[in-house]
Every structure is written in C-alpha cells, then in structure tokens.
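Colleague: Provided herewith is a single structure, encoded as structure tokens, for subsequent inquiry.
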Amino acid sequence: MSSRSEKLKRKAVDDTKTKAKKARGETELGDGLRWIQHGKEVKGACPVIALTSDTLPGRDKIAGFDIDFTIIRTQSGRKFATGAKDWEMWDDSVPAKLKELHKDGYRIVFFTNQAGIEKLKVKPNEIKDKIEAIIGSVGIPILAFICTGENHFRKPSTRMWDFMVEECNQSVTVDLEKCLYVGDAAGRAKNWAPGKPKDFSCGDRMFGANIGIKFYTPEEYFLGEKAAPFEWRSLNPIDYLKKNPASNDKEEYKSKNQEVVIMVGCPASGKSSFRKRYFEPHGYVAVNRDTMGTQEKCIKAAKNALNEGKSVVVDNTNPSVAAREPYIDMAHNKEIACRCFYMQTPLELAHHLNYVRQNQTESEVRRIPDVGYNVYKKNFEEPSKLEGFSEIIKIDFKPRFANAKHESLFKNWT
Ligand SMILES: Nc1ncnc2c1ncn2[C@@H]1O[C@H](COP(=O)(O)OP(=O)(O)OP(=O)(O)O)[C@@H](O)[C@H]1O
C-alpha cells in the first residue's frame, strides 16, 4: 500500500475514533475530561453542560474564571463571536497566568452564562469546541461549566459552583479562603477607565460574593490594575437585613366574620406567603390564578366557598379596578365585608424575592420575567374605598424565614 493510502486509512480510523469519543461526550483533551449534562431538562435542553473528569484529582484551591472578555475576546472585535473560531486570548499574559495557578495547586474552572443556547442563537457545540480549543492552547486541564439559559444555575446563583465542588472535585473539600474568581461583569460605570463602556452587569462580582471568595476583574487580575469603582446595581440583601431584622411577630389579620380578602401586590411581593401565614390557618379558602389557571375558575371557586359559608382570600396580583370588581361584588351580594391587603414591598425587593423563590425551588419553576412586572405596572390602579372596600390595609414587608436555607438564599446577591 502506498504511504498516501496508508495515511488516508489511518486518518479514517482516527476520525472514526474521534467521532465515537465525541458521541460518548469525551474530548481529545486527555485527563479523562468529558462533557456531561446536569440538571433537569426543560423543553429538551439541559440547564448545565459541563466539562468534568472522573480521573483528575480534586483540589482544595479553585481559581474560577468567566470566559468571554476575561479569558478570551473576539478576534473580530465584535461583542458576540461570529463562530467557534472567532476568539483570541484576552491578553498575552492569560495562558502563563493560568499555568502558574495550575502549578501552584489550583484547579482552573470556567463558569460561563450562555443564555444564547436556550434562545437558539448559539449552538452548544460552538461553545464546547471553543472551550476545547482554549484548553488545548493553554495546555493544562481545565473544567468548564456552561449555563444554557435563564435558569436556576445562571450566575450569580452559586449552583454551578455548588455542583462543581460537591460532585466534580473527587470529594476533596474546598478551602474558600484560598479560592478566587475573575470576571468582567463587575458593575463598573461608563468611563471607569478612559473610554471604557459600562459593564453590562455586576453578575460576576455577585457570583464571587455569593460563594464567599475573592473577586477580581480581568484588569486587576491579569494586568495588575487598581480596583475600579463599581455599583452592585440591585438590592443589598445583607444591608437590608441589618436595617430590617427578621421578624417573628404575632400579628393577627383574620376576621371573626365571613369576608372576602383581596390581596394587591406586584409579582413576588409576598402575597402568597402572607395569606398562608395569616389566613389559611383560619379556614380562609385561597383562590389563585397560578394554581387554578383562569380568572373564571377563580371566580367560580370563590363563589362556591362563599356559598359554603367560608371566607375567601383572592391571592392574585389584582392590579386593576376591573380585576378586583367581581370579588367585591360577591362580597356585596352576600352582604359581607371586603378588605383589601395592599403589599407595600418595594419593587427592587420584589425583584430580589423573585430570584430567592427561583433558587428556593428544586423544580424547573422560574422567576417571573420582567414583562410580568411591566404588565402589573401598566394595569395598576391604586385600591380605593370608592371601589367598595370596607377597609384597605397597607402591609409593609417584614422578613421572615421558613428555614436556614431560605435565609441564606435571601442573603445572596441577585
Ligand atoms: N416575609 C418574607 N420574608 C422573607 N421571604 C419572603 C417573605 N415573603 C415572601 N418571601 C419570599 O419571597 C418569594 C415570593 O413570595 P410569594 O410567593 O409569597 O410572593 P407572591 O406575591 O405571592 O408572588 P406571585 O405574585 O408571583 O405569586 C418567596 O421565595 C418567598 O419565600
């Protein structure tokens, strides 16, 4: 056989082996590195794709890095890469610095939010190929965790980190004091350095803070620049709790007489928690569109409960006069009182609670998107006694925690 046909044959065998490896989720990188999927699938997509290894020994020191505009930048100069090959090192110093960390006993780990995958704007293979190429070019084993959408694992949630230390570090305990995280989403304002644009978010800095490890921007870490000023851009949960310590009040809101209670408040302002705490234990029947499906079903359920002599609590956002009217009419027809409980939870806090709730749930239930808040704002009409309420009671938010996990999630930046 000619040497050319031998070469072709060898290449065909190699290609088949590579294909088989790829089909098994394995890479050409060695060290047992292979791609896995993690988390419950939603609409056919897994929330996390991860490059992990069962054979690499675990390490107690983790150096975490965001990828885009931290480890690499686009070669094209665009904001978003035009393909798997559109990248170059963010700075020439990056590979040497990563190698040095590796030599010093750190496990290098990439954590990247890639919501473009869920939006079908970017293919998982494009990101995977890019990560493999980066690792190949640095020449050390690196783990990688890709969050594929706006799900529970998205930074600044610590879930990708938790999964990495709990299940991908060969049971070696991580020493947070020695760990660090580097990312460009650091909350810096426009012109934080001459001509620099505003950071698109503060998510990387929050991610580091939520884990409880040191955080650096790429400029600080790779170029040795001084720390630039920044803003968190959302509720400061620790400060909030200092100013508003958790309460364990014994307030009572129930009525001795049959009545209709209408809750009013934006998404995640705490309405359901409130009615579960103060009304349901006293036999009030809750009607709620999220669980019942439609307004018609809520109205029917409310009528039935009232006819059985029970009190009813309408636990919807109820922003408008029109949304509240059918329930006020029901109360008037029955000649019973109708009270309005109007949540005063500030919007920024409700947004925070929206994320707390997402992180509390093990299921795939996600936070209410911004559009839910916009619809509420658009339809909002301040509740008034002229609508027929016997009383309007404004409820200030008081933190109360069901358990330690709830409290610790509340303390996370979101
Ligand atoms: N007083 C509180 N202290 C601490 N956390 C709270 C409190 N009230 C509610 N939360 C948390 O805030 C999140 C949202 O609360 P809840 O589901 O009660 O809001 P909601 O107004 O009923 O939301 P939606 O309108 O979307 O149904 C939950 O994670 C809940 O645990």
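Colleague: Step through the residues of the stretch 347-357 one at a time and calculate ³J(HN,Hα) from phi using the Karplus curve (6.51 cos²θ - 1.76 cosθ + 1.60, θ = phi - 60°), rounding each to whole Hz and writing x for Gly and Pro.
Modeller: 4, 4, 5, 4, 4, 4, 5, 4, 6, 4, 5
Colleague: Restricting attention to the stretch 94-170, which trypsin sites (Lys or Arg not before Pro) occupy a DSSP loop and are surrounded by at most 10 other Cβ atoms within 10 Å? Provide the component values of the computation, followed by the final result.
Modeller: On the way: sites: LYS97, LYS99, LYS103, ARG107, LYS119, LYS121, LYS128, LYS130, ARG154, ARG159; in loops: LYS119, LYS121, ARG154.
Answer by residue number: LYS121.
Colleague: Does the stretch 21-223 come out rounded, prolate or oblate by the C-alpha gyration tensor, with a ≥ b ≥ c the root eigenvalues, rounded set by a/c under 1.5 and, if not, prolate when a/b is larger than b/c and oblate if not? Can you show the working numbers first?
Modeller: Working: a/c = 1.30, a/b = 1.14, b/c = 1.14.
Note, shape of the stretch 21-223 comes out rounded.
Colleague: Enumerate the lysines that LYS377 could reach by cross-link, defined here as Cα to Cα under 20 Å, with residues fewer than 8 away along the same chain left out.
Modeller: The qualifying lysines are LYS271, LYS394.
Colleague: Okay, moving on. If each DSSP helix of 4+ residues adds -39,500 (n - 2.57) and the sum is divided by the residues in the chain, what number results at 222 nm, nearest 500 deg cm²/dmol? Please list the in-between numbers first.
Modeller: Numbers: 14 runs with 148 residues, N = 414.
About -10500 deg cm²/dmol.
Colleague: Moving on. Calculate one ³J(HN,Hα) per residue across the stretch 274-285 by plugging θ = phi - 60° into the Karplus curve 6.51 cos²θ - 1.76 cosθ + 1.60, and present them in order as whole Hz with x for glycine and proline.
Modeller: Couplings: 5, 5, 5, 7, 9, 10, 4, x, 9, x, 5, 9 Hz.
Colleague: On a 0 to 90° scale, report how tilted helix 124-138 is relative to the longest principal axis of the chain, with both axes built from alpha carbons and the result rounded to the nearest 10.
Modeller: Relative to the chain, helix 124-138 is tipped by roughly 40 degrees.
Colleague: What length, rounded to one decimal in nm, is gained on full extension from THR82 through to PHE69, with 0.36 nm per residue of separation minus their alpha-carbon distance? Intermediate results must be reported in sequence, preceding the final value.
Modeller: Numbers: separation 13, 0.36 × 13 = 4.68 nm, distance 1.46 nm.
Taking 0.36 nm per residue and subtracting the Cα distance, the gain is 3.2 nm.
Colleague: Give the long-range amide H neighbours of PHE65: residues separated by 5 or more places, or on another chain, with amide H under 5 Å away, using H modelled in the peptide plane at 1.01 Å from N.
Modeller: VAL109, PHE110, PHE111, VAL182
Colleague: Another question, if that's okay. Using Cα positions and a limit of under 12 Å, work out the aspartates and glutamates in reach of LYS310, with same-chain residues fewer than 8 apart set aside.
Modeller: Excluding near neighbours in sequence, the set is GLU259, GLU280.
Colleague: Right, here's the next one. What is the Cα centroid distance between the stretch 169-245 and the stretch 375-391, reported in whole angstrom?
Modeller: Using only Cα atoms to place each centre, the spacing works out to 41 Å.
Colleague: Another question about this same structure. Label 7 Å along Cα→Cβ of GLU100; the stretch 203-238 residues with amide nitrogen under 15 Å?
Modeller: Flagged as within label range: 218-225.
Colleague: If you don't mind, another one. Which shape class applies to the chain: rounded if a/c is under 1.5, otherwise prolate when a/b exceeds b/c and oblate if not, where a ≥ b ≥ c are the square roots of the Cα gyration tensor eigenvalues?
Modeller: On the way: a/c = 2.66, a/b = 2.13, b/c = 1.25.
Because a/c hits 1.5 or more and a/b exceeds b/c, the chain counts as prolate.
Colleague: Would you mind checking the tilt of helix 93-103 against the longest principal axis of the Cα atoms of the chain, expressed as 0 to 90 degrees and rounded to 10?
Modeller: 90 degrees
Colleague: Once amide H atoms are built 1.01 Å from N in the peptide plane, which residues 5 or more positions from GLU26, or in another chain, come under 5 Å H to H?
Modeller: TRP35
Colleague: Let me ask something additional. Taking amide hydrogens as modeled 1.01 Å from N in the peptide plane, which residues meet the under 5 Å criterion relative to ILE395, leaving out close sequence neighbours?
Modeller: When sequence neighbours closer than 5 places are left aside, the close amide H contacts are TYR342, MET343, GLN344.
Colleague: With respect to the cross-link table entries LYS61/LYS128; LYS97/LYS242; LYS242/LYS378; LYS40/LYS411; LYS103/LYS128, which display a Cα-Cα separation exceeding 28 Å?
Modeller: On the way: LYS61/LYS128 24 Å; LYS97/LYS242 39 Å; LYS242/LYS378 33 Å; LYS40/LYS411 25 Å; LYS103/LYS128 25 Å.
Pairs exceeding the cut-off: LYS97/LYS242; LYS242/LYS378.
Colleague: Using alpha-carbon positions, what is the distance between the centroids of the stretch 325-370 and the stretch 63-122, in Å?
Modeller: 41 Å
Readers should treat all values here as calculations from the given coordinates under stated rules, not as data from a laboratory. Because the structure is a prediction, the values reported are computed rather than measured. Note that we place each Cβ from the backbone using ideal geometry, even for glycine, and neighbour counts take in every protein chain shown.
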